[in-house]
Structure formats: structure tokens, C-alpha cells
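The values are calculated or read from the model by the stated rules, or taken from the named source; none is laboratory data. Just so it is clear, the model here is predicted, and its values are computed rather than measured. In this analysis, Cβ positions are derived from the backbone assuming ideal geometry, glycine residues included, and neighbour counts consider all displayed protein chains. For accessibility, only protein heavy atoms count, side chains too; no ligands or nucleic acids. Shrake-Rupley method; radii C 1.70, N 1.55, O 1.52, S 1.80 Å.
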Amino acid sequence: MRSLVAPVAPVAVVSPGAPRGEARRDTGEQTGGLLLEQPLHAADVPWQVVVWNDPVNLMSYVAWVFRRHFGLDAGTAEQRMMQVHTDGRAVLADGNREVMERHAEAMHEYGLWATVERVPR
Amino acid sequence: MRVSAASAEQAADGVLGTVRVEVEEARILASLADQLQALLADALETGTERDGALGRLLPDAYRHDPELADEWRQLSRRGLVDRKIGFARTLSTALAPIAAASAAADVALTEAEALDWVRGVGDLRLVIAERMGIIVDGDEGTFAEPGLRDVYDWLAWLQDSLVRLLEESDDARRAAEAR
């Protein structure tokens, strides 16, 4: 059901050098660019999990959830919780989409409002 | 209600702490936990659009991409609802006997049970907040009946006490691991 390769803009390094046919006779330096021409796999596209402020969950609870689930130290957890509280949102993790979805699901299990979004370029 | 850390003897049996529950408290909390289970079961039948409380319990994981949001819902909703029903059931199971009894009693909580309690109580607060019309920070709620407000604050106190219990046990574990 889930497509592993999302339709994302490929990040490709294309050599402006000679066409393929001629490349064989070229030096390695010129063909090097062609070898690097790879579409970025969806697993490499960075996503992030964002936790949003809500008027219900207690500050002590949110900080504890961040410590427990993300393994943050007490100070960092407190700082992220305050960021949620004052800025309205905080990024708690980034990485591939599937892992971010698991984090979001865990946050929902704790009753926190979390979403997954692309890391802004 | 009173939440206490486990004695050394209880801790050796895997007990994190105990909650002293009055009969009336058990009746209220067990009833709320039963209602929460029914509400969550509804989410599987009717979706979350018709009830704002379900929207809070089961928010979308994607804000601006309906297709991804829908895909994620299909993959995760049932499991999430089942687990949340499980949290509420842990509350009901522990409290039903006290609700039917004539005297207060202690409920001993293992770590797994305390985790269910802290999340089940949190879910109840989300639902009650929605019923009270609490929308922004510091909101007193538009439809706050005095009784509901008291329950809401009582559950906040209970959740905070459970967090402290769990935090102490996490700290103790971290200290043991560092040694």
C-alpha cells in the first residue's frame, strides 16, 4: 500500500560532459559525473516529526514523554516542551518517513498532537 | 485519592506505586473509562469527523497532504484505537471492584499498568476538555459545568502524580545503568 519510492524531486549530479557513447573513451574524470547520477531514494529524503501545542496536556507530562520516548536528557526535554508551549510547535526528530510516522503514532498514543512533514529545504 | 511510591517489598515484586481510591472516585473514573472505550470503538465505525473529541484522540499525522493523511490513517488507526481502548480497560478493570465495594482500597500499579493509567487519564482529559470547549491555553471552557471542571482538575492532579512516579522509576533505572 505504501510506496517506498515517493515521487520526490531527484537530486542528481549530472556531468555536463560528453554523451554516454563517447564517455567510454574519455578519462575517468569525465565519466565520474555520470556514475553519480542517482535519484535520491525516498528513504533518504528527510522528514521530521513536529509536536504541536495543545491547551490540555500538562507541561510536566509533555516533558516526561519527550524524555521517555526520545531519550532526551531532562534539560533538553524541558527546553523542547517550552518551545512547544511558547512557539506553538517543536521538531522532535528527523529522518526517513517511516521512522517519523512511528514517532508520530507513539506521540498520539501518549495523547500528544504530532504530525509528520518534509524538512523545509 | 492518594498516590504513593512502592515500598521496598512491593518494588521487589515489580510494583511502581499504589493509588488509594475511594469508592466514589472509583465509580466516577471507572464510568469515564468505560465511556472512553465506547467512544473509541465508535471511531472505527464512524471515523473522527463527527466528534471533535475523537479528532483530539486520533489526530491526522499529515496536515497539508490529505492523501498521505488517509494512507497513514488506514495503516495505523485500528492499532492505535485498540491500544487506547486497552489503556482505558486497564483503568476499568482495576476500578470496577472498588466501585462495587463499600470501602476505599489500594490499587498497586506495575510500570506497564502505570503507563496505561497515565495515558488513559490523559485521553480522558482530552475528551473532557473538548466537551468543556477548551480550545486555547488558559481557556476555562465555554460549557464548563462546575462538576466537570472539578473532574478535569482532579484528573490533571492524578496524571501529574503518575508522571512523578514513572519519572522516579526512570531516574532510578538510569542511575543503575550508569553504575
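Values as computed for the structure displayed
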{"read-out": "Selected residue (criterion: farthest from residue B:27 (Cα to Cα)) from residues of the stretch B:93-109 that are out of contact with any Gly (no Cβ under 7 Å at 6 or more places or on another chain) and buried (at least 21 other Cβ atoms within 10 Å of the Cβ)", "value": "B:94"}
{"read-out": "Among the residues listed as B:78, B:63, the single one being more than 10 Å from chain A (Cβ to nearest Cβ), open to solvent by 10 Å² or more (accessible area, probe 1.4 Å) and of a type in the set (Lys, Arg)", "value": "B:78"}
{"read-out": "Filter result for residue B:112 (on the phi < 0 side of the Ramachandran plot and crowded, with 21+ Cβ neighbours inside 10 Å)", "value": "no"}
{"read-out": "Of all residues making up the stretch A:83-111, the number that are of a type in the set (Lys, Arg) and either open to solvent by 60 Å² or more (accessible area, probe 1.4 Å) or out of contact with any strand residue (DSSP E or B) (no Cβ under 6 Å at 6 or more places or on another chain) (or both)", "value": "2"}
{"read-out": "Flag for residue A:114 being facing another protein chain (nearest Cβ under 10 Å), open to solvent by less than 60 Å² (accessible area, probe 1.4 Å) and either in a helix (DSSP H, G or I) or not hydrophobic (A, V, I, L, M, F, W, C) (or both)", "value": "no"}
{"read-out": "Condition met for residue B:50 (in contact with a strand residue (DSSP E or B) (Cβ under 7 Å, 6 or more places away or on another chain), free of Cβ contacts under 8 Å to residues at least 12 places away in the same chain and more than 21 Å from residue A:68 (Cβ to Cβ))", "value": "no"}
{"read-out": "Candidates A:67, A:80 - the one that is open to solvent by 10 Å² or more (accessible area, probe 1.4 Å), at pLDDT 95 or above and away from chain B (no Cβ under 14 Å)", "value": "A:80"}
{"read-out": "Filtered residue count, the stretch A:51-96, keeping only those that are of a type in the set (D, E, K, R) and part of a loop (DSSP other than H, G, I, E, B)", "value": "2"}
{"read-out": "The one condition in (1) at pLDDT below 95; (2) of a type in the set (Lys, Arg); (3) within 30 Å of residue A:99 (Cβ to Cβ) that residue B:50 fails to fulfil", "value": "(3)"}
{"read-out": "Positions within the stretch B:40-60 being among the acidic types (Asp, Glu) and away from chain A (no Cβ under 11 Å), in sequence order", "value": "B:42, B:45, B:49, B:51"}
{"read-out": "Test: residue in the stretch B:136-148 that is open to solvent by 50 Å² or more (accessible area, probe 1.4 Å) and in contact with a helix residue (DSSP H, G or I) (Cβ under 7 Å, 6 or more places away or on another chain)", "value": "yes"}
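Residue-by-condition table, conditions (1) touching a Phe, Trp or Tyr at 6+ places or on another chain (Cβ under 6 Å); (2) more than 10 Å from chain A (Cβ to nearest Cβ):
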{"position": "B:96", "(1), (2)": "no, yes"}
{"position": "B:102", "(1), (2)": "no, yes"}
{"position": "B:106", "(1), (2)": "no, yes"}
{"position": "B:109", "(1), (2)": "no, yes"}
{"position": "B:120", "(1), (2)": "yes, no"}
{"position": "B:124", "(1), (2)": "no, no"}
{"position": "B:133", "(1), (2)": "yes, yes"}
{"position": "B:166", "(1), (2)": "no, no"}
